[in-house]
Amino acid sequence: MEEREEGGASLRKKLEIFLAARLEKRLETQKEESKRAALRERFIFDNWFEYAASKVEKLQAATHVAKFSHPSIKKASDIYFEISETEREGLIGTHSVAWQSFQHDLSTGNAADLDGDIKEFLRISHSGRTVFDMILVQDEELKATVNPDPGRAEYILKALLSLKNTRNEKRSHVLSKQVFWLVHEDPSLDQNYHLLSPMLATSLAHAVFKTISESRFGASSKEGRNARHAGKAFDGEYHDYPGLAVQKMGGSNQQNVSQLNSERGGQNYLLASLPPHWQSREIYPPMREAFRTFKRRPEVWKILDGLKRFLETDPDPNMHTRDLRDDYVAMLVDELMLFTFDMHSLAPGWSADEKCELVVEEQFWLDPGRAHQDADFDKARQQSNWHEVVTDRAAGWLNRELSHKSPLSMGDPEHDYWEKQIGSVLKVFRRQVDDLQDALRDDDDNFSGEPA
């Protein structure tokens, strides 16, 4: 969102330019003459502020909006947090947003009440401040501009100031997120709890959204990422956000949640919140046989040994036996995914080394990043059912390991069972990886564009 700054023009001149432009825009879509006449009357300079003061009764400026919990919430309180109220060292919050980039949100009980003219009016910039900033301090210049009658001008500004007042006496809603928080020792007494209702910090979320969007789609980011993909030096910097997710709010009617949510098209970025992945040993790619490398992992060897010893006892075919066997297989699949993620942490393109003897499906599985460097590899990978081939090879490997130097005789029934257990996980994993690859391709195609 861009602030309007008309050079050194007076505040009145800026407001006149704004009203003329908004009237022209309104008249372009209105053909009925009676309504066109009403619009011309509304946008007369002295009339506009009376109109705005009457409309704000249905609006609230907010930094925390209840409808982000659920768009059907009605009459729950929204909160306007004074950005200068507090400073808390070490904590990230609305107070962390620099005032130059801080934007209030607008919320209402009815999406139709989000008047676009008033929304833009509040953003007009004059001498480094927005009209909304001037309303907050009951600015004398603004007061003298909106009406020559001091009493009437004060009434208008006081009415506009009510935008930041909390509506509905701080109340929650059954559809809101709510947490009962014990504040005294006895948990059996209802009065010993406070009911907390977490609310999305929409102004903070918007500042984060703009920052990340610039990092993803800005011109500098385009140059930096192109240089990275090409393996070339880049005289500058760009920022990346691994594991970024997008949460959509409001469905097809994002305006029903809030003004800023509507401007983002309902998109809200979620940063990855993951535990650290410690690497206490150097990771090497498997150049010949993927599952031989996989078996060398200490946990894999322990799980294999435990499963083998258990099956060699010829346990009774009952529920306990099936559950324990499935637990072993589940642990093995977990280790297989950890092995996969370790291989994905390597520099993309390692499988293109002439020393790599992996079958191509295992290259597709363990080196997906190579697709951004090799168009032929990318196309072949998209067309391949590599997850099915890897599943079949994993089941065959497990059969061989369990049968090796053992009285166990693993055949087709066991192979089919392992294949089913491993395949269900790899199928989902393949879909997730493909979705990520598609998102990265979209980023490459839209460096200088806007988010979809």
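The values are calculated or read from the model by the stated rules, or taken from the named source; none is laboratory data. Note that the structure is predicted; figures quoted are calculated from it, not measured. Glycine gets a Cβ as well: all are built from the backbone with ideal geometry, and neighbour counts include every protein chain shown.
Applying the condition of being within 22 Å of the chain's Cα centre (by Cα) and hydrophobic (A, V, I, L, M, F, W, C) to region 215-236 and asking which residue is farthest from Gly369 (Cα to Cα) yields Ala219. When Leu244, Leu260 are checked against the criterion of being farther than 28 Å from Ser345 by Cα and assigned by TED's automatic domain parsing to the domain that holds Gly218, a single residue qualifies: Leu260. Within region 163-177, can one find any residue that is polar (S, T, N, Q) and over 28 Å from the mean Cα position of the chain (by Cα)? The answer is yes, given that some residue of region 163-177 is polar (S, T, N, Q) and over 28 Å from the mean Cα position of the chain (by Cα). For Gly306, the stated conditions do not hold, so it cannot be described as assigned to a loop (DSSP other than H, G, I, E, B), of a type in the set (Gly, Ala, Ser) and surrounded by fewer than 16 Cβ atoms within 10 Å (Cβ to Cβ). For region 185-236, the set of residues classified as at pLDDT 80 or above, in contact with a Gly (Cβ under 9 Å, 6 or more places away or on another chain) and within 30 Å of His95 (Cβ to Cβ) consists of Ala201, Leu204, listed by residue number. For region 368-377, the set of residues classified as surrounded by 16 or more Cβ atoms within 10 Å (Cβ to Cβ) and either touching a residue at least 24 places away in the same chain (Cβ under 8 Å) or out of contact with any helix residue (DSSP H, G or I) (no Cβ under 7 Å at 6 or more places or on another chain) (or both) consists of Pro368, Gly369, Ala371, His372, Asp374, Phe377, listed by residue number. Here Tyr238, Tyr284, Tyr269 are screened, and the one residue that is out of contact with any Asp or Glu (no Cβ under 9 Å at 6 or more places or on another chain) and either farther than 29 Å from Met337 by Cβ or touching a residue at least 60 places away in the same chain (Cβ under 8 Å) (or both) is Tyr269.
Within region 252-266, restricting attention to residues that are in a loop (DSSP other than H, G, I, E, B) and free of Cβ contacts under 8 Å to residues at least 24 places away in the same chain, which residue is surrounded by the most Cβ atoms within 10 Å (Cβ to Cβ)? Checked region 252-266; the qualifying residue surrounded by the most Cβ atoms within 10 Å (Cβ to Cβ) is Gly266.
Determine if region 28-46 includes at least one residue that is part of a loop (DSSP other than H, G, I, E, B), among the acidic types (Asp, Glu) and under 19 Å from Leu163 (Cβ atoms). Checked against the condition, which is being part of a loop (DSSP other than H, G, I, E, B), among the acidic types (Asp, Glu) and under 19 Å from Leu163 (Cβ atoms), region 28-46 yields no hits at all. In the set (1) modelled with pLDDT under 80; (2) assigned to a strand (DSSP E or B); (3) of a type in the set (A, V, I, L, M), Ala112 fails one condition alone, (2).
Of the residues that sit in region 192-214 and are surrounded by fewer than 19 Cβ atoms within 10 Å (Cβ to Cβ) and more than 14 Å from the chain's Cα centre (by Cα), which one is farthest from Lys170 (Cα to Cα)? This residue is Glu214.
Within region 9-24, residues that are within 15 Å of Thr130 (Cα to Cα) have Cβ atoms under 7 Å from residues that are hydroxyl-bearing (Ser, Thr, Tyr) in these pairs: Leu11/Thr145; Arg12/Thr145; Leu15/Thr145, counting only partners at least 6 apart in sequence or on another chain. If you go through region 326-353 and pick out every residue that is in a helix (DSSP H, G or I), of a type outside the set (A, V, I, L, M, F, W, C) and farther than 19 Å from Lys420 by Cα, you end up with 3. Put simply, of Leu142, Leu157, Leu163, Leu136 the only residue that is surrounded by 15 or more Cβ atoms within 10 Å (Cβ to Cβ), under 19 Å from Ser54 (Cα atoms) and in contact with a Phe, Trp or Tyr (Cβ under 8 Å, 6 or more places away or on another chain) is Leu163.
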